[in-house]
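The structure appears right after this line, and notes come after that.
The values are calculated or read from the model by the stated rules, or taken from the named source; none is laboratory data. Since we're looking at a predicted model, the values are computed, not measured. Cβ coordinates were reconstructed from backbone atoms using ideal geometry, including for glycine residues, and neighbour counts include every protein chain displayed.
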Amino acid sequence: MIDFQPKYITFDCYGTLTAFGMSAVTRGLFADRIDADRMEDFLDDFEAYRIDEVLGAYQLYPDVIKNALKRACALWKVEYRDADGEQIVASVPTWGPHPDVPDALRTLAESYQLVILSNAADNQIGGNVEKLGAPFHAVYTAEQAQAYKPRLQAFEYMLDQLGCGPDEILHVSSSLRYDLIPAHDLRIPNKVYVNRGYEPSVPYYGYHEVKVLSELPALLGL
């Protein structure tokens with residue numbers, strides 16, 4: 001049980017609530033340039049460059065994707081096509097929730113105000129949030145914050161907008177790297193790791209761990 005009553009439950013969106021479909025789209029686009037037995041390595045490099053891109057000066061999300069893809073293609077010495085990046089970006093609003101998410105969010109929303117903090121552009125996340133099927137008090141984006149997670153500026157923007165302190169929220173994410181490590185650094189004490197298998201668990205960062213979001217209401221006594 002979590003012995004804490006948060007003022008807000010704050011969530012990462014892509015990967016945590018919304019099923020992250022970028023690898024599947026990219027795999028299809030590059031099937032003509034990357035051998036199947038090396039595709040996972042290419043996808044790992046694309047992901048690494050996305051992380052690097054969001055740590056620099058703010059740029060719109062489509063540029064993050066296109067620049068990271070261009071760098072991955074350069075590393076692999078394969079053709080980069082602008083259309084590939086455009087197709088990946090265009091696919092994002094079509095992604096729906098993980099199966100365990102909608103019912104859990106509706107249960108949580110009966111007792112708590114729910115908030116999203118997402119590495120997204122304003123014009124793309126609306127479709128994803130609508131598919132979650134639950135009411136949200138607020139949805140904050142990297143475009144609004146002018147910074148992407150894991151930069152602390154993104155979290156600071158959310159806390160400023162909510163008018164609360166780090167100790168008043170429960171932050172929930174499936175990513176230590178983007179969310180739970182910077183939340184720890186910002187002294188957000190109450191955190192939940194939804195371990196969907198993207199990253200290894202590192203208990204040092206002080207969180208409750210669940211396998212699916214449907215386990216969270218019970219942790220809060222609901």
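For V115, indicate whether it is β-branched (V, I, T), crowded, with 20+ Cβ neighbours inside 10 Å, within 30 Å of L222 (Cβ to Cβ) and within 16 Å of the chain's Cα centre (by Cα).
yes
Quick check on the stretch 155-193: of everything there that is touching a Gly at 6+ places or on another chain (Cβ under 9 Å) and closer than 17 Å to Y14 by Cβ, which residue is surrounded by the fewest Cβ atoms within 10 Å (Cβ to Cβ)?
Here the answer is S175.
Quick one: which helices (runs of 4 or more DSSP H) lie wholly within the stretch 63-134 and hold at least 1 residues that are within 18 Å of A24 (Cα to Cα) and either in contact with a Ser or Thr (Cβ under 7 Å, 6 or more places away or on another chain) or in contact (Cβ under 8 Å) with a residue 12 or more places away in the chain (or both)?
82-91, 122-132
Tally up the residues in the stretch 12-49 that are within 15 Å of A154 (Cβ to Cβ) and assigned to a helix (DSSP H, G or I), please.
Total meeting the criteria: 0.
Among (1) free of Cβ contacts under 8 Å to residues at least 60 places away in the same chain; (2) under 21 Å from Y198 (Cα atoms), which single condition is G56 missing?
(2)
Return the total of residues in the stretch 189-206 being over 17 Å from the mean Cα position of the chain (by Cα) and without any contact (Cβ under 8 Å) to a residue 40 or more places away in the chain. Quick ask: steps written out before the conclusion?
Step one: list which residues in the stretch 189-206 are over 17 Å from the mean Cα position of the chain (by Cα), which gives 189-190, 202-206.
Narrowing the set further to residues that are without any contact (Cβ under 8 Å) to a residue 40 or more places away in the chain leaves 189, 202-206.
The qualifying residues number 6.
Of the residues D12, D63, D84, only one is over 14 Å from A120 (Cα atoms) and either at pLDDT 95 or above or of a type in the set (D, E) (or both); which?
Result of the check over D12, D63, D84: D84.
Got at least one residue in the stretch 151-164 being closer than 25 Å to A218 by Cα, of a type outside the set (S, T, Y), in a helix (DSSP H, G or I) and touching a residue at least 12 places away in the same chain (Cβ under 8 Å)?
No.
What is the one condition in (1) exposed (fewer than 15 other Cβ atoms within 10 Å of the Cβ); (2) under 15 Å from the mean Cα position of the chain (by Cα); (3) closer than 18 Å to G15 by Cα that K149 does not satisfy?
Evaluating K149 over (1) exposed (fewer than 15 other Cβ atoms within 10 Å of the Cβ); (2) under 15 Å from the mean Cα position of the chain (by Cα); (3) closer than 18 Å to G15 by Cα leaves (1) as the failure.
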